[in-house]
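Below: one structure, written as C-alpha cells.
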C-alpha cells in the first residue's frame, strides 16, 4: 500500500504478486494465477489493465518497473515534464555512438513510473494524420486504418477545452509565440483550432490538444485509467505490483504460461513467478518490450544464444526498425521575460508563478512547454525564395501527412541539463516526422537490470536530410518574419549560412531525440521482419502479445501518446472478443 498525504494507492508487494521461483515452472509450486498478466504499466499498460478488468469474470495482474509517483508536483503540467529535474521519474542511458552525428552519444530516456511516458511528457495528444493510419493499411494492415481506429481515439478522450481558454489566441502565454503564429499564417500556414480533426490541412499552425484537466492538472494514463478508487473497487480482479522488473516470460511448449520477475531496486532478493491462465501481454515500450522478448529467448537466434539464453523462437525482427522523431533546435535570444528562463532565474518570478497556479490562476505552470506547433510537408516549401507554402510543388509519397513539425518552445532545447542559461532563449524545435532512417535495440547482457544497447540510427538514410534542411530554412524565415514585426530576436544557435554544406553540418552537430521511440516489435508479416500479427500476437508462440508503440508498423507523423492509447483500446477489444469466442 502506497500512502500519500493521508490517501493511499493499493499495490501488491512482490511477495503477494508471485511465489518464489525455483528455477523452472515445473519446480515452482502453488504459483499465483491470473487470467492476464501485463508486464509494463505505462501509457498502454494502464489503459489495457483498466479495460480488461471491466469484465468481472477475469483477473488481471499489472507489473510495473517504476513506482506510483503521485506527489503534488507530478500533477503540475510544466514542472512534471522537466526531464532535467532529478525528481522526474525517468532513466537516461546513452545510445551507442551516432556515427552520422559526429559520434555523439544521445541520451535514451525511459519513464519508470505507473503511467509511463504519459506521466512525464509534454502532454500533447495528437492523433496523427488520417494518412498515417491509411498508410498502415497500405502496408498490409487493413484493420488498422483511420476509420477502424477512430472509435478508439474517441473512446479515450473527454474534451474539457472546446470553449475554454485552452483554445484560441489566449492559449499562448508568451508574446514571441503569438508573433510566430502570425509569421506562419503570413507564410501560408492555415491556423487550425482542432489539430485532431480528420480534415485538418497538412500545412497548418495548430494548438494541439493536451492531457490537462479543467483544474490545470496533468492527466496521465495512470490518472485516467487506474485511479485509486477504481483499483480499490476492482481489487478482487485487478492487482498492481510496482517496483518489479520482468526477467523473462516462461513457456510450456509454445505457450506463454507466466512471468518471472524480481525487485527493480533489488530491495527484495530472489526471483518470483506468476502464472497466466489466458495470456501474457508485454507493454514495456519500444525499448523495454524488445529487451524482455530477447531475455525470454524470442528474437534473432544467434544474438539470444550469444548471451546464454536458450532460443524459443528465432524471430529476427525483434529489436529492429527502431524509429524516432529526430529533433533539431534552432534557437534565438529574446527578452528574458518572454521565456521560461525568467521563472528559473528569478526566485520571485518563480514563486509568483507557483502561487498563481496553487490559487487556480492560469499562469505558465498550467501550460505545456509547447502549446503551439507548425506542421507541414517539406515538399510544399519553396526553399528558393522565402520558404512559403508552395502548392505548385509536386506532391510525393506521404505528402498527405506532414513530415516536419516546428515546436515553439520558450526555453533552451539542446543538451538538456548540460547548460545553465542566464538569458532568454526561444527554440524552434524542428522535428522530422517521417524518418527513413532506422535503428535497433540489442541486449548487452542477460541481466534484465542492464539497459540494452540502443542504436538510434539517425541519418543513416540520406533522404532524411532534405526535410531537415527545408525545415531549418523555414525556421530561419519565421525568425526573420518575427523580426520584421518589430520583435527583438537574434540568432543564438543557428546555421552559419543556408548553403547545403552548412545546413548539413548544423544538423549533424545539433540533432537530438524527441523521445518518440516506436516500431521495434512491429506489425508486419513474419518474413518481412515482423514480430506481431494484426491481433498483436507474437509469431511462433501462443498466449503472448505486445501492446505499446513498439508494434507501430512505422512511426506516425505526430506525437505518439494518442496512437499508443488507441492501440491499447483496440487490443483490449480484440482480447475480449477472442476470449468470448473461445469460452
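Here is how the numbers come out for the structure above:
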| read-out | value |
| --- | --- |
| Qualifying residue in the range 166-188 (condition: at pLDDT 90 or above, out of contact with any strand residue (DSSP E or B) (no Cβ under 9 Å at 6 or more places or on another chain) and not assigned by TED's automatic domain parsing to the domain that holds residue 378) | no |
| Test result for residue 498, closer than 29 Å to residue 404 by Cβ and either touching a residue at least 40 places away in the same chain (Cβ under 8 Å) or part of a helix (DSSP H, G or I) (or both) | no |
| Some residue of the range 218-227 being assigned to a strand (DSSP E or B), in contact with a helix residue (DSSP H, G or I) (Cβ under 9 Å, 6 or more places away or on another chain) and surrounded by 24 or more Cβ atoms within 10 Å (Cβ to Cβ) | yes |
| Only one of 427, 414, 446 that is part of a loop (DSSP other than H, G, I, E, B) and closer than 24 Å to residue 88 by Cα | 414 |
| Positions within the range 446-464 being within 22 Å of residue 434 (Cα to Cα) and surrounded by fewer than 18 Cβ atoms within 10 Å (Cβ to Cβ), in sequence order | 460, 461, 462, 463 |
| Candidates 108, 98, 130 - the one that is touching a residue at least 40 places away in the same chain (Cβ under 8 Å), within 16 Å of the chain's Cα centre (by Cα) and closer than 25 Å to residue 325 by Cα | 108 |
| Residue count for the range 123-140, restricted to those that are buried (at least 21 other Cβ atoms within 10 Å of the Cβ) and part of a loop (DSSP other than H, G, I, E, B) | 5 |
| Helices (runs of 4 or more DSSP H) completely within the range 268-381 that count 3 or more residues being surrounded by fewer than 24 Cβ atoms within 10 Å (Cβ to Cβ), free of Cβ contacts under 8 Å to residues at least 24 places away in the same chain and touching a helix residue (DSSP H, G or I) at 6+ places or on another chain (Cβ under 7 Å) | 347-358 |
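Here is a yes/no grid of residues against (1) surrounded by 23 or more Cβ atoms within 10 Å (Cβ to Cβ); (2) part of a loop (DSSP other than H, G, I, E, B):
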{"site": "487", "(1), (2)": "no, yes"}
{"site": "507", "(1), (2)": "yes, no"}
{"site": "556", "(1), (2)": "yes, yes"}
{"site": "564", "(1), (2)": "yes, no"}
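Residues are listed down the side, and each one gets a yes or a no for (1) at pLDDT 95 or above; (2) under 27 Å from residue 251 (Cα atoms); (3) crowded, with 16+ Cβ neighbours inside 10 Å; (4) touching a helix residue (DSSP H, G or I) at 6+ places or on another chain (Cβ under 6 Å):
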site	(1), (2), (3), (4)
525	yes, yes, no, no
531	yes, yes, yes, no
538	yes, yes, yes, no
552	yes, yes, yes, no
570	yes, yes, yes, yes
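The values are calculated or read from the model by the stated rules, or taken from the named source; none is laboratory data. The structure displayed is predicted, hence computed values, not measured ones. Using ideal geometry, Cβ is built from the backbone for each residue, glycine included, and neighbour counts are taken over all protein chains shown.
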